[in-house]
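A.B. asks: The structure is given below, and queries will be raised subsequently.
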Amino acid sequence: MTGNPTSRDYNKASVLDVLLSRAPLTRIELIELTGFSKSTVSRAVEELRADGCVVNGGVDEVTGRGRRSTYLDVPGTMGHVVGISFGMRTTCVLVADLRGRELRHVIVPTVDHQEVRNAAEWLVGLMAEASKSAEGPLRQVVVAVPGRVLGGTEIFGPAESMKVFAGPGLQRALADLVNAPVLLDSDANASLLEILTDDATLEDAALFSMSSSLSFASCIDRELLRRRTPAFGDIGVLFSGVGNEVLDGLLSTSGLLRFARGRGLDLERIDDLWLHPHEEVSRADVLDAFTTAMVTAVSAVAVTLDPGSVFFVGRLRPLVDEVLPEVRRRLDKSLATAPEVKAPTQVLGLSVARGAVYACLGMARDRLRDAVLEARRQGQHTEQSAPAF
């Protein structure tokens, strides 16, 4: 017998939602978080236990008299997800269970691939290495790249050294090699998602990721903003306020390296700008241009999106730390209400991979919830047959 989901099905799906995001939990905590009655929670837990979605996860520690409570947890056999930061210099693959607990990560130098298929096979090899201790099915893969991404499948505006990945080729190759949904996203979106997950007080924010190319992300009411065209987020084409330089020419590693060399600084890599001493006048000129570009970038998003906070992350963060007081001084002088400008501490590669994992978890959990509800439509009795997880 088929039919629409009942209130009992929705209650079960809601309990699963809470367990996936907050487990391990006691039954008392589960009742408090869902607002359901004890009998409703108990029935949902037992049905989820029969489906293989819930196991006992130990007991709480109590002192004195009183009954110890058993924790409910989500078993590793429910599956895992993979978040990947695929950068120009460094690649990080992070594997987590459906509770978001990190199982293992691998960080390696990015191999220079001339063919998309070879790069996809290389990434799948890293996934296999990082997933050795993972249980259950692979539920979702998200790959964060330095560039703009449309629809989770097509890459636009990658750095010059990664031009081969422009278009949908990488997503298609990966989807052909793994038995799970695969989506692409920008490194900026992944970085902002990691910050949002760690700070529940953030609502409206913007982020500039300064890696091989400049990428941008923003959120309103904690929801990442996405548009239907690849032009959205291409803030690097705006003039920086320094000569004819655009923002990407001063707020990306490749652009700033070119600019600094043009000002007479002998740099092999952009890191040399802050790791080694240089001629003071030329270095001051570069820092002033970098500061002006940051002020221009913040001003642009302040008048269009009105974010409460603006973050700068990526390989140029040491330089951001150096000029941030001057950036704030100029913004306070030019804007009636300046957003808070921050340079959060992130681990290059790993923080972006974590953001990609958080994106994976949101999609995987939504599908599991839908599977609970779809079981009714497919004629499966929850008391007799488990959803097709």
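A.B. asks: Could I have the simple spin-label model distance between ALA128 and ASN4, label points 7 Å from Cα toward Cβ, reported in nm to one decimal?
C.D. replies: 4.8 nm
A.B. asks: Could you identify which residue out of GLY87, GLY35, GLY167 has the top mean-square fluctuation in a GNM of the chain using Cα springs shorter than 10 Å?
C.D. replies: Of the options given, GLY35 has the highest mean-square fluctuation.
A.B. asks: Pairwise over distinct Cα atoms, reciprocal of the mean inverse distance: report the Kirkwood radius of the stretch 200-342 in Å, one decimal place.
C.D. replies: The answer is 15.5 Å.
A.B. asks: OK, next. Between THR110 and residues 5 or more places away or on another chain, which pairs have amide H atoms under 5 Å apart, with H built 1.01 Å from N, and which residues are they?
C.D. replies: When sequence neighbours closer than 5 places are left aside, the close amide H contacts are THR90, THR91.
A.B. asks: Normalised by the number of residues in the stretch 200-342, what is the relative contact order in percent for Cα pairs under 8 Å and 6+ residues apart?
C.D. replies: Reported as a whole number, the value is 27 percent.
A.B. asks: Amide H to amide H under 5 Å from SER252: which residues, 5+ apart in sequence or cross-chain, H placed 1.01 Å off N in plane?
C.D. replies: none
A.B. asks: Right, something else. Report, ordered by chain and residue number, the aspartates and glutamates lying within cross-link reach of LYS333, taken as a straight Cα distance under 18 Å and ignoring same-chain residues fewer than 8 apart.
C.D. replies: ASP288, ASP306
A.B. asks: Shifting gears a bit: Using a simple spin-label model with points 7 Å from Cα along the Cα→Cβ vector, what separation in nm is obtained for ARG27 and ARG101?
C.D. replies: 2.2 nm
A.B. asks: Okay, next question. Mind pulling up the Rg/Rh value for the chain? Radius of gyration and Kirkwood radius, both on Cα.
C.D. replies: 1.04
A.B. asks: Could you state the number of Å between the C-alpha centres of the stretch 301-330 and the stretch 210-281?
C.D. replies: 12 Å
A.B. asks: Further question: Restricting the count to DSSP beta bridges whose residues both fall in the stretch 200-342, what percent are antiparallel, rounded to a multiple of 5?
C.D. replies: Given both bridge residues lie in the stretch 200-342, the antiparallel proportion sits at roughly 50 percent.
A.B. asks: Highest mean first, what order results for 15-28, 239-252 on Cβ atoms within 10 Å?
C.D. replies: Descending packing order for the listed peptides: 239-252, 15-28.
A.B. asks: Hey, can you list the DSSP H helices of the chain whose Cα span along the axis is 20 Å or longer and whose average Kyte-Doolittle score is at least -1.0?
C.D. replies: Membrane-span-like by this rule: 7-22, 116-130, 280-304, 317-334, 350-377.
A.B. asks: Next up: Taking θ as phi - 60°, what are the ³J(HN,Hα) couplings along the stretch 200-215 by the Karplus curve (6.51, -1.76, 1.60), each to the nearest whole Hz, with x for Gly and Pro?
C.D. replies: Taking θ as phi minus 60°, the curve returns 6, 8, 6, 10, 10, 8, 9, 9, 10, 9, 9, 10, 4, 9, 7, 10 Hz for the stretch 200-215.
A.B. asks: Loop-only check: which chymotrypsin sites (Phe, Trp or Tyr not before Pro) in the stretch 302-380 are DSSP coil with at most 11 other Cβ within 10 angstrom?
C.D. replies: When the chymotrypsin sites (Phe, Trp or Tyr not before Pro) of the stretch 302-380 are filtered for loop state and at most 11 Cβ neighbours within 10 Å, nothing remains.
A.B. asks: Near LYS38, which lysines are there with a Cα under 25 Å away, not counting those fewer than 8 places off in the same chain?
C.D. replies: Once the sequence-local lysines are set aside, what remains near LYS38 is LYS12.
A.B. asks: Further question: Before anything else, pin down the relative contact order of the stretch 204-270: Cα pairs under 8 Å, at least 6 apart, normalised by residue count, whole percent.
C.D. replies: 26 percent
A.B. asks: Mind running the shape call on the stretch 103-192? Use the C-alpha gyration tensor, a ≥ b ≥ c as the square roots of the eigenvalues: rounded below 1.5 for a/c, prolate if a/b tops b/c, oblate otherwise.
C.D. replies: prolate
A.B. asks: Name the long-range amide H neighbours of GLU245: under 5 Å, sequence gap of 5 or more, or other chain; modelled H, no Pro or chain starts.
C.D. replies: Here the answer is SER240, since their amide H atoms fall under 5 Å of that of GLU245.
A.B. asks: In nm, what is the difference between 0.36 nm times the number of residues separating ASP332 and SER39 and their Cα-Cα distance?
C.D. replies: Answer, rounded to one decimal: 99.8 nm.
A.B. asks: If I stretch the segment between ARG258 and SER69 completely, what's the gain in nm (0.36 nm per residue apart, minus their alpha carbon distance), one decimal?
C.D. replies: Computed gain between ARG258 and SER69 is 61.8 nm.
A.B. asks: Can you give the net charge of the other residues whose Cβ lies under 14 Å from the Cβ of PHE239, counting K and R as +1 and D and E as -1?
C.D. replies: Net of charged neighbours comes to -3.
A.B. asks: If the cut-off is a Cα-Cα distance under 15 Å, which aspartates and glutamates reach LYS163, setting aside same-chain residues fewer than 8 apart in sequence?
C.D. replies: Within reach: ASP112, GLU115, GLU154.
A.B. asks: Considering only DSSP states other than H, G, I, E and B, which trypsin sites (Lys or Arg not before Pro) in the stretch 92-196 qualify as loop sites with at most 14 other Cβ atoms within 10 Å?
C.D. replies: Sites meeting the loop and neighbour criteria: ARG101, LYS132.
A.B. asks: Under the definition of Cα pairs under 8 Å and six or more residues apart, what whole-number percent is the relative contact order of the chain?
C.D. replies: 19 percent
A.B. asks: Something else now. Only Cα pairs within less than 10 Å get springs; with that Gaussian network setup on the chain, which residue of ARG369, ARG317, ARG43 has the largest fluctuation?
C.D. replies: ARG43
A.B. asks: What FRET efficiency do you get for PHE156 and LYS342 if R0 is 30 Å and r is their Cβ-Cβ distance, rounded to the nearest 0.05?
C.D. replies: Here the calculated transfer efficiency is 0.65.
Rule-based calculations on the coordinates, nothing more; no lab input. What you see is a predicted model; the values in this text were computed from it and never measured. Counting neighbours? That spans all protein chains shown, and the Cβs are built from the backbone with ideal geometry, glycine included.
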